[in-house]
Amino acid sequence: MTRFHSPLVDRLHPYVPGEQRQGDGVTKLNTNENPYPPSPQVMEAISSVSGNDLRRYPDPEASTLCEALADYEGVSAKQVYVSNGSDETLGLAFMAFFTDKAALQYPSVSYSFYPVYCELFNIETKTIELNKDFSINLDAFTNEAGGICFPNPNAPTGMALGVDQIERLLQRYTSGVVLVDEAYADFGAQSAIGLIDRYPNLLVTRTFSKGRSLAGMRIGAAFGNEALIAAIAAVKNSFNSYPLDAIAQVAAAASIADETYFQTCKAKVVNTRERLTDALIERGFTVLPSLANFIFASPQQTDHSASELFEYLNQHNVLVRYWSKEPIQDWLRISIGTEEETDQLLSVLDMALSASS
Ligand SMILES: Cc1ncc(COP(=O)(O)O)c(C=O)c1O
């Protein structure tokens, strides 16, 4: 690096996203993107943006979009915050709620961006082991936490907690923020947004990247008590007061307006998830019960290791995600693709399984 950088830079271990390999013939099931394009109404809304709209700064409050989201979720617009992807909301929330506090607690197997933010913002952390069945053990989170954060459904397991379990945590843990990262909640999990009126320390984050097929546009949202939203806005306005661009604002609002399209794509993803789960179980895999747009599967009962299958798939242009770390070193995370992509995955997997290990 350069001798001009600050000591902070030496400390960082930046997040490494899944590979974005391009080209025909690549079956890309490694970054949990939606296999279907956004609603045609979103594309129309994007084309309707004029040069004049772009000449001006966007609405810094994204009021129209916040109102649309508030209506959709049955909350008030003051309880909604929008940003460039939920990663940005998470970053701002970590800065607003978890710095200069006791250790932030999050599951030992969860979204690998959390430790990255903690390193950047100097937040102490305590990781909480999962249960033996890979579910999140909310009872093990302690009331001494400086804050609590977990994805629901969890990533990379896909397993979801019920909203009653989250409410029990909120009843006993009142001294810090509980951040529920609902990036994958569009695919069947119960949302905790309905609890924000009753629990002033609950922040729920969502994204348009998965259920709404808009990963390329970077749109995220947070829902919480007005005071929490104001705290995130204060951090945002101390950094960049125009975070969500004018095109993203209209695209997101158009996506919310097209409920039929959203439900149709969701149903297709859920059907393919069930089909892929059954197909992998038939081939000797253990598959965790997923409510996300990916599954977490282990070839434990086959003669093949996850790392070996990952390499084989990768060499045959089928991209899935693999982490060589305990306790998930024998598992693969596979995003749900189209039916054709699923056929391709299964056919390459069958070649791998029939090859001797
Ligand atoms: C658990 C979890 N949270 C948040 C995100 C961030 O999504 P985005 O920044 O695209 O909204 C991801 C992305 O994969 C994720 O897996």
### Task
State yes or no: is residue 118 under 14 Å from the mean Cα position of the chain (by Cα) and crowded, with 19+ Cβ neighbours inside 10 Å?
no
### Query
Out of curiosity, is residue 212 away from the ligand (no atom under 16 Å from the Cβ) and of a type outside the set (S, T, N, Q)?
no
### Query
In the range 198-308, which strands (runs of 3 or more DSSP E) lie fully inside it and hold 1 or more residues that are without any contact (Cβ under 8 Å) to a residue 12 or more places away in the chain and assigned by TED's automatic domain parsing to the domain that holds residue 54?
none
### Summary
Only unsatisfied item for residue 226, checking (1) closer than 21 Å to residue 29 by Cα; (2) more than 12 Å from the ligand (Cβ to nearest atom), is (1)
#### Entry: Of residues in the range 277-287 being of a type outside the set (Val, Ile, Thr) and surrounded by fewer than 20 Cβ atoms within 10 Å (Cβ to Cβ), the one nearest to residue 351 (Cα to Cα)
283
## Note on the structure
Within the range 141-158, residues being in contact with a Ser or Thr (Cβ under 9 Å, 6 or more places away or on another chain) and surrounded by fewer than 22 Cβ atoms within 10 Å (Cβ to Cβ) number 3
### Query
Does residue 124 qualify as being surrounded by fewer than 15 Cβ atoms within 10 Å (Cβ to Cβ), in contact with a helix residue (DSSP H, G or I) (Cβ under 9 Å, 6 or more places away or on another chain) and at negative phi?
yes
### Query
Of all residues in the range 159-177, how many are β-branched (Val, Ile, Thr), buried (at least 20 other Cβ atoms within 10 Å of the Cβ) and without any contact (Cβ under 8 Å) to a residue 40 or more places away in the chain?
1
### Message
Could you check the range 183-197 and list, in sequence order, the residues that are more than 16 Å from the ligand (Cβ to nearest atom), surrounded by fewer than 20 Cβ atoms within 10 Å (Cβ to Cβ) and part of a loop (DSSP other than H, G, I, E, B)?
### Response
190, 197
### Query
In the range 330-340, what residues are buried (at least 19 other Cβ atoms within 10 Å of the Cβ) and under 17 Å from residue 267 (Cα atoms)?
335, 336, 337
### Query
Which of (1) touching a residue at least 12 places away in the same chain (Cβ under 8 Å); (2) of a type outside the set (Lys, Arg); (3) over 16 Å from residue 235 (Cα atoms) is the odd one out, the single condition residue 60 does not satisfy?
(3)
### Task
Kindly indicate which of 102, 96, 77, 70 is more than 29 Å from residue 328 (Cβ to Cβ), touching a residue at least 40 places away in the same chain (Cβ under 8 Å) and small (Gly, Ala, Ser).
96
### Summary
Going through the range 100-115 in order, the residues found to be modelled with pLDDT of 95 or more and surrounded by fewer than 18 Cβ atoms within 10 Å (Cβ to Cβ) are 100, 101, 102, 103, 108, 115
### Message
without any contact (Cβ under 8 Å) to a residue 40 or more places away in the chain, within 11 Å of the ligand (Cβ to nearest atom) and closer than 19 Å to residue 95 by Cα: is that true of residue 180 in this structure?
### Response
yes
### Query
Can you name the condition, by its number, that residue 226 falls short on among (1) over 22 Å from residue 83 (Cβ atoms); (2) surrounded by fewer than 20 Cβ atoms within 10 Å (Cβ to Cβ)?
(1)
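The values are calculated or read from the model by the stated rules, or taken from the named source; none is laboratory data. Quick caveat: nothing in here was measured; it's all calculated off a predicted structure. Note that each Cβ is placed from the backbone with ideal geometry, even for glycine, and that neighbours are counted across all protein chains shown.
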